[in-house]
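Enquirer: Please read through the structure below; I'll follow up with questions.
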Amino acid sequence: MAESMQGMKRSHRCAEVSGKNTGETITVMGWVQKRRNLGALIFVDLRDRSGLLQIVFDENCVGSDGFVKAGSIRNEFVIAVTGKVQKREAAVNENLKTGDIEVFAEELRILSESDTPPFPIEENSQTKDELRLKYRYLDLRRPDIQKNLMLRSKVVYLMREFMAKEGFLEIETPILCKSTPEGARDYLVPSRVHPGCFYALPQSPQLFKQLLMCSGYDRYFQIAKCFRDEDLRADRQPEFTQADMELSFVDIDDVLDVNERLLQYVFREAVGEEIQLPLPRMPWQEAMDRFGSDKPDTRFGMELKDVSEIVKDCGFGVFTGALEQKGSVRGINAKGQGAMPRKKIDKLVEFAKGYGAKGLAYLAVLEDGSYKSSFAKFMTEEELSALVRAMDGEPNDLLLFAADKNKIVWNVLGALRLELAKELELLNPNQYHFLWITDFPLFEWSEEEGRFMAMHHPFTMPVEEDWKNIDTDPGSVRAKAYDIVLNGTELGGGSVRIHQNDIQEKMFEALGFTKESAYEQFGFLLEAFRYGVPPHAGLAYGVDRMVMHMVHADSIRDVIAFPKVKDASCLMTEAPGTVDEKQLAELCLKIEE
């Protein structure tokens, strides 16, 4: 039967006790990790969020009733213990923070009993994710998950501390917003008092933080919940947390400066990593040409090389055909992999097809300097040698080529480069390679929509010298936008915002908005811009992604208390769920069969 803790007060968390407390009488409370009954003595490992502490039950100390009670406890029972701290005489555990001490119990109370858990509560659990997430409240007791969430709490605290010292005001923005057409799909919330109308959950606080700049708040900051109805992956969830900011009277360098110092402070204080400033910068075009990605992992080489000029007159139709369609031929050099078996190369070909490639051409430079290739018969010896030289090929190298439209070639080789790096164990998780990506295109063409779309959002300022091309060549206009990348992951991004009405109206026109439709969607912002708006810029980080890198987790779910699974459902609460007809009727909704 569960007992009350009335009259008992916890004096220490388990791992806060040390040799300095020897001889003191303390009270600790927590969960039973393990119990060992040796007859004359009973040993219990007690666990709370700070760690483990060994409790010793000796009938001479705890009394016969207490000793019998100690014999009845099981794993995950919640207990309170008062006892005296003593140095261990033997069996010191060097792997445990409290491994040189133990507490001889004088009083025991069983605060709560427990059924046998469906899986062991232990670090680095091998239990299937589905079972762990169904019982997430048990999974959250695991020491490694608790460490992750405690670090996350520290990161958010450090961010708030730094931003406050830099003059930022923390201001909350609404969760129930108006739906806007650009960007990802919105989560919609029906309104009871406005039948047929819907709120949207915010994808970001973008419009509101710009309005705060119009309102004179100068420097805004918020730890903001955001929602996007997107397909999930290892570093994406339908609801996530942003560290969001906006600054007035600034340009790109000002925003990058404060954020570099923020990153330096947070990583130093949270994980002891010293980041050297300034961080490197790379234009978007260079990132795509060298790495096939606008979030390149620069911890290893294997960069893309454009060999279009080398192969433009060769006899291999795959190469020349791509060039005739205004595409390109590019390759990567997997150093030392020239002896890779054909079966493994075939797997790489299938991998490449998953990213849009029709195939993958390869050329292995053998140890004796000869070639083994999927296309050698279509090219002369001189052409093959020129290609190998262009790729810096040496004996035992494997050269892999993609030929198609630039976008497909970048996607294929960018992904293949990362896949090979994982297979060849080239990625050091203890390295932190930060990089700013700048000079993004302002627009990207959408085949689905048949029009240009804003690569970031429609409020991004164009690079001034490119603006003259807005009517004749909108695809060439660069944006004053920037992303911060860490080890191949986009940690955050932002831009300088448009604050001139004429540029904003032209931007909407280029995106296919009529003046009426623009005001219908964004009228409140455009109206505010009529009353004096300062130049402003901002940035937002994905807090979940940042902490994921700090703890070297494979999935973002390991740093979120209650995450969703791939189909955006919660296995623990079984959300989303159905609602009854009365609730639907109040919202003027009907489910079609």
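The values are calculated or read from the model by the stated rules, or taken from the named source; none is laboratory data. Given the structure is predicted, the values throughout are model-derived calculations rather than measurements. Neighbour counts are summed over all protein chains in view; Cβ atoms, including those assigned to glycine, are modelled from backbone coordinates with ideal geometry. Heads up: the accessible areas ignore ligands, DNA and RNA and are worked out on the full protein's heavy atoms, side chains in. Shrake-Rupley method; radii C 1.70, N 1.55, O 1.52, S 1.80 Å.
Enquirer: How many of the residues making up segment 343-359 are over 30 Å from the mean Cα position of the chain (by Cα) and of a type in the set (A, V, I, L, M)?
Expert: Of the residues in segment 343-359, 1 are over 30 Å from the mean Cα position of the chain (by Cα) and of a type in the set (A, V, I, L, M).
Enquirer: Residues of segment 21-66 being in a helix (DSSP H, G or I) and either at pLDDT 95 or above or within 28 Å of L140 (Cβ to Cβ) (or both), which ones?
Expert: If the condition is that a residue be in a helix (DSSP H, G or I) and either at pLDDT 95 or above or within 28 Å of L140 (Cβ to Cβ) (or both), then N21 is the only one that fits.
Enquirer: Okay, next question. Going by the structure shown, is D139 on the phi < 0 side of the Ramachandran plot, of a type in the set (D, E) and either modelled with pLDDT under 95 or surrounded by fewer than 15 Cβ atoms within 10 Å (Cβ to Cβ) (or both)?
Expert: no
Enquirer: Another one. What is the residue count in segment 13-53 for residues that are open to solvent by 30 Å² or more (accessible area, probe 1.4 Å) and at positive phi?
Expert: Counting residues in segment 13-53 that are open to solvent by 30 Å² or more (accessible area, probe 1.4 Å) and at positive phi gives 2.
Enquirer: Only residues in segment 578-591 that are open to solvent by less than 80 Å² (accessible area, probe 1.4 Å) count as the first member; pair them with residues that are modelled with pLDDT of 90 or more and in a helix (DSSP H, G or I), Cβ under 6 angstrom, at least 6 apart or cross-chain, and list the lot.
Expert: So the pair list comes out empty.
Enquirer: Among (1) surrounded by fewer than 18 Cβ atoms within 10 Å (Cβ to Cβ); (2) more than 33 Å from the chain's Cα centre (by Cα), which single condition is D397 missing?
Expert: (1)
Enquirer: Related question: Looking only at segment 546-575, which residues are part of a loop (DSSP other than H, G, I, E, B), of a type in the set (A, V, I, L, M) and touching a Ser or Thr at 6+ places or on another chain (Cβ under 9 Å)?
Expert: The one that is part of a loop (DSSP other than H, G, I, E, B), of a type in the set (A, V, I, L, M) and touching a Ser or Thr at 6+ places or on another chain (Cβ under 9 Å): I560.
Enquirer: Suppose we keep only residues that are part of a helix (DSSP H, G or I) and touching a residue at least 24 places away in the same chain (Cβ under 8 Å) within segment 126-136. Which one would you say is surrounded by the fewest Cβ atoms within 10 Å (Cβ to Cβ)?
Expert: Step by step, filter segment 126-136, then rank; the result is E130.
Enquirer: Right, something else. Could you figure out which of (1) touching a Cys at 6+ places or on another chain (Cβ under 6 Å); (2) among the polar types (S, T, N, Q); (3) modelled with pLDDT under 95 isn't true of Q242?
Expert: (3)
Enquirer: Could you list, in sequence order, all residues of segment 142-174 that are open to solvent by 30 Å² or more (accessible area, probe 1.4 Å) and either at pLDDT below 95 or of a type in the set (F, W, Y) (or both)?
Expert: Selection gives Y157 alone.
Enquirer: Next question. Does A80 meet the test of being of a type in the set (A, V, I, L, M, F, W, C), in contact with a Gly (Cβ under 9 Å, 6 or more places away or on another chain), closer than 25 Å to L140 by Cβ and open to solvent by less than 70 Å² (accessible area, probe 1.4 Å)?
Expert: Spelling it out, A80 is indeed of a type in the set (A, V, I, L, M, F, W, C), in contact with a Gly (Cβ under 9 Å, 6 or more places away or on another chain), closer than 25 Å to L140 by Cβ and open to solvent by less than 70 Å² (accessible area, probe 1.4 Å).
Residue by residue, here is whether (1) of a type in the set (A, V, I, L, M); (2) part of a loop (DSSP other than H, G, I, E, B); (3) buried (at least 22 other Cβ atoms within 10 Å of the Cβ) holds:
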| residue | (1), (2), (3) |
| --- | --- |
| F452 | no, no, no |
| H457 | no, yes, no |
| W467 | no, no, no |
| D471 | no, yes, no |
| G475 | no, no, no |
| Y482 | no, no, yes |
| E490 | no, no, no |
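Enquirer: Out of everything in segment 295-320 that is open to solvent by less than 30 Å² (accessible area, probe 1.4 Å) and in a helix (DSSP H, G or I), what residue ends up being nearest to P441 (Cα to Cα)?
Expert: Filtering first and then ranking leaves S308.
Enquirer: Quick check on Q237: is it more than 30 Å from H499 (Cα to Cα), of a type in the set (S, T, N, Q), open to solvent by less than 20 Å² (accessible area, probe 1.4 Å) and touching a residue at least 40 places away in the same chain (Cβ under 8 Å)?
Expert: yes
Residue by residue, here is whether (1) in a helix (DSSP H, G or I); (2) touching a residue at least 40 places away in the same chain (Cβ under 8 Å) holds:
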site	(1), (2)
N124	no, no
Q146	yes, yes
V156	yes, yes
E172	no, yes
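Enquirer: Return only the number of the condition from (1) open to solvent by 50 Å² or more (accessible area, probe 1.4 Å); (2) more than 29 Å from the chain's Cα centre (by Cα) that K407 does not satisfy.
Expert: So K407 meets the others, but not (2).
Enquirer: For segment 492-509, give me each residue that is aliphatic (A, V, I, L, M) and either modelled with pLDDT under 85 or in a loop (DSSP other than H, G, I, E, B) (or both).
Expert: I498, the sole residue that qualifies.
Enquirer: Please determine, by comparing only the residues of segment 492-501 that are closer than 23 Å to D466 by Cβ and small (G, A, S), which one is surrounded by the most Cβ atoms within 10 Å (Cβ to Cβ).
Expert: Result: G494.
Enquirer: Determine which single condition T472 fails, assuming it passes every other condition in (1) among the β-branched types (V, I, T); (2) within 29 Å of L263 (Cα to Cα); (3) without any contact (Cβ under 8 Å) to a residue 24 or more places away in the chain.
Expert: The failed condition is (2).
Enquirer: Moving to a separate point now. Are any residues in segment 355-384 open to solvent by less than 30 Å² (accessible area, probe 1.4 Å) and over 16 Å from F319 (Cβ atoms), and if so, which ones?
Expert: A364, V365
Enquirer: How many residues does segment 408-449 hold that are assigned to a helix (DSSP H, G or I) and touching a residue at least 12 places away in the same chain (Cβ under 8 Å)?
Expert: 14
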